[in-house]
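*Asks:* Take this structure, written in structure tokens, and hold onto it; I'll ask about it next.
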Amino acid sequence: MLAAMPQPPSAASRDEPVIRERGDACPGALRLHAADDGFLARVRVPGGLLTVPQAAALALAADRFGDGHLELTSRGNVQLRGLADGCGGGLAELLDGAGLLPAPSHERVRNIVATPRSGLDGPDRPDALARALEFDRLLCASPWAAALSGRFLFAFDDGRGDVAALGPDVTVLGRPDDRALVRLGRAADAVELVGQDAPGAALTAARYFLDAAAEAGTQAWRVCELPAEHALRTTEFIQRLDAAGIAATPVGAVDWPYAAPPRPSGAGGHDGVALCVLPPLGRIDTAQWRVLVQVADEGSGELRVTPWRSVVLPGAGTGGADRVERAGLVITPDGPWESVTACTGRPGCAKSRADVRADARAVADRARGPLPVHWSGCERRCGHPRGTAWVDLVATGSGYRLAAPGRPVRDDVRPSELAAALADARTDPDVVKK
């Protein structure tokens, strides 16, 4: 049995209902967040899908207003950092011109992930990305949906089980014969319906959550935060679907599939070469980003940002791989940066006790292993992995607290011990074989 990983503050269970006295301050593209390195903007990218013009606009925004870098988030979104005070109007105008702000009142609630390789592995699976984009259209057209938290997460999975494992609040899982399952939070059961009705069903689920949260009066941001007496019930969900003209049937304990995240690769898809590109620690400068934009422009014309801080380029063509590697980006598996993530750390975050990215770079090549590792500057563990066991490093000020599944916690690992301790924790055979 694997030891439970530390639970972040945002992941309370129903046994510990959340009661808040303030609203959600999650940053967006219009609501900027003041950080130690300037202001931060988070641009939501539903389904992770960017057109070439949209991706080019993000690079322009990073150069014109920010620090010349883009950050990929654990929800497939893009962050701009180091923004100057007073740049909000110019940034909004640029993003709006690129079609990245279709509904300003809803821009923070468009947290929608989709299977990044949907449609690239043959025609046998449903098009999760198309369903995600249709749902985004419905969400933006619903005025009441603007009341959702900026942390509420929708997932559209093509049936393989990759984004379904991310702990979404509403999950749509593709099934054969144009069917789909819809799950509320972490429920063991689900409802089954016709695939084309899935976007509308996901919208109905969001309205059900908002009604339950209002009745609870606890300012819950996510399904798992609802008190037990206000938990979402499949029977009521089906009644709401029926009222919306959507036929659905209950499905008892579902054997949910699981698929690992896409690995860095230049593997072929059914219609050509699809690159999965990994920027170390999910941070990429605009020169590197523009290489991806150019390769995409010569291929399918799109980029797909994944919730694992990578970018999939469908139909990139055989010449793109060399250019991407020459830019310093990773497209081969088993490198030192695979499954290594970190929060912002110093100097960007005032709460951080260490420059976690610098520390991660210092030991990356000597601390490889199968288990993911996440570096955190404080106990909030921003951006930590979901849907899998991981090695947890939290800065203490004099070193790191190291926790790994099946291992005793080490409270103060000194910098000189980090590489060996982390390599050992990531390759524990009793954990990896499970």
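The values are calculated or read from the model by the stated rules, or taken from the named source; none is laboratory data. Everything numeric here is computed off the predicted structure, so don't read it as measured data. Ideal geometry is used to build each Cβ from the backbone, glycine not excepted, and the neighbour counts take in all protein chains shown. Remember, those area values only see protein heavy atoms, side chains included, never the ligands or the DNA or RNA. Shrake-Rupley method; radii C 1.70, N 1.55, O 1.52, S 1.80 Å.
*Asks:* What residue, among those in region 61-101 that are out of contact with any strand residue (DSSP E or B) (no Cβ under 8 Å at 6 or more places or on another chain) and free of Cβ contacts under 8 Å to residues at least 40 places away in the same chain, is farthest from residue 304 (Cα to Cα)?
*Replies:* Among those that are out of contact with any strand residue (DSSP E or B) (no Cβ under 8 Å at 6 or more places or on another chain) and free of Cβ contacts under 8 Å to residues at least 40 places away in the same chain, it is 86.
*Asks:* Looking for whichever is over 25 Å from residue 276 (Cα atoms) and in contact (Cβ under 8 Å) with a residue 40 or more places away in the chain here; the options are 405, 385. Which one fits?
*Replies:* Numbers: 385 fails: over 25 Å from residue 276 (Cα atoms).
Exactly one of 405, 385 is over 25 Å from residue 276 (Cα atoms) and in contact (Cβ under 8 Å) with a residue 40 or more places away in the chain, namely 405.
*Asks:* Check 317, 348 and return the single one that is open to solvent by 10 Å² or more (accessible area, probe 1.4 Å) and not in a helix (DSSP H, G or I).
*Replies:* Exactly one residue qualifies, and that residue is 317.
*Asks:* A follow-up question, please. Tell me, yes or no, whether region 144-155 has at least one residue that is part of a strand (DSSP E or B) and either in contact with an Asp or Glu (Cβ under 6 Å, 6 or more places away or on another chain) or on the phi < 0 side of the Ramachandran plot (or both).
*Replies:* yes
*Asks:* Turning to a different aspect of this structure: Tell me which residues, restricted to region 352-367, are of a type outside the set (A, V, I, L, M, F, W, C) and either in contact with a Pro (Cβ under 9 Å, 6 or more places away or on another chain) or closer than 17 Å to residue 279 by Cα (or both).
*Replies:* 355, 357, 359, 361, 365, 366
*Asks:* Still on this structure: Which one of 361, 368, 380 is open to solvent by 10 Å² or more (accessible area, probe 1.4 Å), outside any loop (DSSP other than H, G, I, E, B), modelled with pLDDT of 90 or more and not polar (S, T, N, Q)?
*Replies:* Numbers: 368 fails: outside any loop (DSSP other than H, G, I, E, B); 380 fails: outside any loop (DSSP other than H, G, I, E, B).
That would be 361, the only listed residue that is open to solvent by 10 Å² or more (accessible area, probe 1.4 Å), outside any loop (DSSP other than H, G, I, E, B), modelled with pLDDT of 90 or more and not polar (S, T, N, Q).
*Asks:* Is one or more of the residues making up region 47-61 assigned to a loop (DSSP other than H, G, I, E, B), crowded, with 23+ Cβ neighbours inside 10 Å and either at pLDDT 95 or above or out of contact with any Leu (no Cβ under 6 Å at 6 or more places or on another chain) (or both)?
*Replies:* Among the residues of region 47-61, not one is assigned to a loop (DSSP other than H, G, I, E, B), crowded, with 23+ Cβ neighbours inside 10 Å and either at pLDDT 95 or above or out of contact with any Leu (no Cβ under 6 Å at 6 or more places or on another chain) (or both), which makes the answer no.
*Asks:* When you scan region 7-20, do you find a residue that is touching a Phe, Trp or Tyr at 6+ places or on another chain (Cβ under 7 Å), under 27 Å from residue 390 (Cβ atoms), at pLDDT 50 or above and outside any strand (DSSP E or B), even just one?
*Replies:* Restricting attention to region 7-20, the residues satisfying the condition of being touching a Phe, Trp or Tyr at 6+ places or on another chain (Cβ under 7 Å) are none.
No, the conditions are met nowhere in region 7-20.
*Asks:* Applying the selection to region 165-179, what residues are open to solvent by less than 10 Å² (accessible area, probe 1.4 Å), out of contact with any Gly (no Cβ under 7 Å at 6 or more places or on another chain) and either over 21 Å from residue 388 (Cβ atoms) or aliphatic (A, V, I, L, M) (or both)?
*Replies:* 170, 172 - these are the residues of region 165-179 that are open to solvent by less than 10 Å² (accessible area, probe 1.4 Å), out of contact with any Gly (no Cβ under 7 Å at 6 or more places or on another chain) and either over 21 Å from residue 388 (Cβ atoms) or aliphatic (A, V, I, L, M) (or both).
Conditions (1) open to solvent by 10 Å² or more (accessible area, probe 1.4 Å); (2) closer than 19 Å to residue 220 by Cα, marked per residue:
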site	(1), (2)
136	yes, no
139	no, no
146	yes, yes
158	no, no
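*Asks:* If you don't mind, another one. Name the one entry in 309, 263 that is buried (at least 22 other Cβ atoms within 10 Å of the Cβ) and either in contact with a Cys (Cβ under 7 Å, 6 or more places away or on another chain) or assigned to a loop (DSSP other than H, G, I, E, B) (or both). Lay out the reasoning, then the answer.
*Replies:* Values: 263 fails: buried (at least 22 other Cβ atoms within 10 Å of the Cβ).
The unique qualifying residue is 309.
*Asks:* Now for a separate question. For residue 256, all conditions in the list (1) at pLDDT below 95; (2) farther than 30 Å from residue 24 by Cβ hold save one; what is the number of the exception?
*Replies:* Of everything listed in (1) at pLDDT below 95; (2) farther than 30 Å from residue 24 by Cβ, residue 256 misses just condition (2).
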